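This report concerns only the one structure given below.
The values are calculated or read from the model by the stated rules, or taken from the named source; none is laboratory data. No experiment lies behind these values; they were computed from the predicted model shown. Here the Cβ is made from the backbone with ideal geometry for all residues, glycine too, and neighbour counts use every protein chain on show.
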Amino acid sequence: MDAQPDPLKWFSKPALPLAWRNGAVLQKPRRLPEETAIALTYNLATFAVMMASPGDLQDFAIGFSKSEGIIEDISEIEDLEILSISTGIECRITLNTERRAVLDARRRRIAGPVGCGLCGMDSLEQATLQARRVNSPLRIPASLIGEALAAVEAQQTLNQETHAVHAAAFINAATGALLLREDIGRHNALDKLIGAAMSKGESANEGALLLTSRVSIELIQKAAMFGAPVLAAISVPTARAVREAQAACITLIGVARRDGFEIFSHPERILLDR
């Protein structure tokens with residue numbers, strides 16, 4: 001795999017918007033996050049084109065491959081290159097022979113903007129496939145969620161600069177170690193986080209996912225493919241996401257704040273402090 005650090009910049013040149021505040025007009029520089037067309041190709045065939053933040057793209061390619069069911073294990077990727085081209089960036093992934101055959105059989109092509117997680121499906125049946133069931137004995141104290149959210153906020157360096165991006169994080173319940181990735185798209189942030197966790201050898205069964213976004217069905221599906229038993233988000237989930245989490249045996253937490261949260265499915269994994 002191409003292990004070189006991503007040289008591409010996260011930010012545009014500072015903008016100078018005309019601001020009107022409290023009856024006064026002023027101008028001050030503002031950092032804006034970049035978004036770039038990212039093509040994911042497998043064995044030289046384009047599978048998806050997404051708009052994403054141009055960083056952590058090796059993590060993105062690995063995580064997207066896992067959450068979309070293209071790979072089961074990182075070892076099934078024989079090579080991965082990140083190439084800057086005139087129209088965007090290409091994540092060029094080479095699969096081993098077995099996974100290449102699986103991908104060829106799917107005959108699925110998707111292309112869409114950030115924020116669209118189900119675009120390009122061939123049929124309604126594809127969009128409503130039941131998520132993989134997560135089997136995990138994990139139990140975590142309720143206090144860990146609030147502590148982890150505080151750590152997420154502190155580590156959102158891109159959002160601190162722009163106030164315009166999402167974060168996805170993984171907290172290891174045993175060690176307290178936090179792994180975090182950011183992107184303009186909530187789906188992309190989760191894919192980058194999954195890829196980073198796989199690259200570092202983190203086991204999904206050993207902790208919880210944390211999202212700074214709303215939770216809809218496709219994020220539950222990605223979490224299930226990763227094998228995460230707990231997902232906590234700062235927003236209210238959709239009703240469909242709750243049903244999907246229930247079926248996938250995922251503990252879904254919403255409206256998560258430092259002082260508490262609401263559990264929408266499988267509460268048995270959370271040890272409530274009395």
Discussion item. Tally up the residues in region 26-49 that are in contact with a Ser or Thr (Cβ under 6 Å, 6 or more places away or on another chain), closer than 30 Å to Leu16 by Cβ and part of a strand (DSSP E or B), please.
Written reply: 1
Practice prompt. Answer yes or no: is there a residue in region 199-208 that is touching a Lys or Arg at 6+ places or on another chain (Cβ under 8 Å) and of a type in the set (S, T, N, Q).
Written response: no
Item to complete: Considering every residue within region 65-74, establish whether at least one is more than 24 Å from Leu209 (Cα to Cα), touching a Ser or Thr at 6+ places or on another chain (Cβ under 7 Å) and modelled with pLDDT of 95 or more.
Response: no
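Could you grab me the full set of residues in region 131-152 that are in contact with a strand residue (DSSP E or B) (Cβ under 8 Å, 6 or more places away or on another chain) and part of a loop (DSSP other than H, G, I, E, B)?
To start, the set of residues in region 131-152 that are in contact with a strand residue (DSSP E or B) (Cβ under 8 Å, 6 or more places away or on another chain) comprises 138-142, 144-146, 148-149, 151-152.
Within region 131-152, Leu138, Arg139 qualify.
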Item to complete: Name every residue in region 50-88 that is touching a Lys or Arg at 6+ places or on another chain (Cβ under 7 Å), surrounded by 22 or more Cβ atoms within 10 Å (Cβ to Cβ) and in a helix (DSSP H, G or I), in order of residue number.
Response: Asp59, Phe60, Gly63, Ser67
Discussion item. For the structure I just gave you, tell me whether Asp191 is acidic (Asp, Glu) and modelled with pLDDT under 95.
Written reply: no
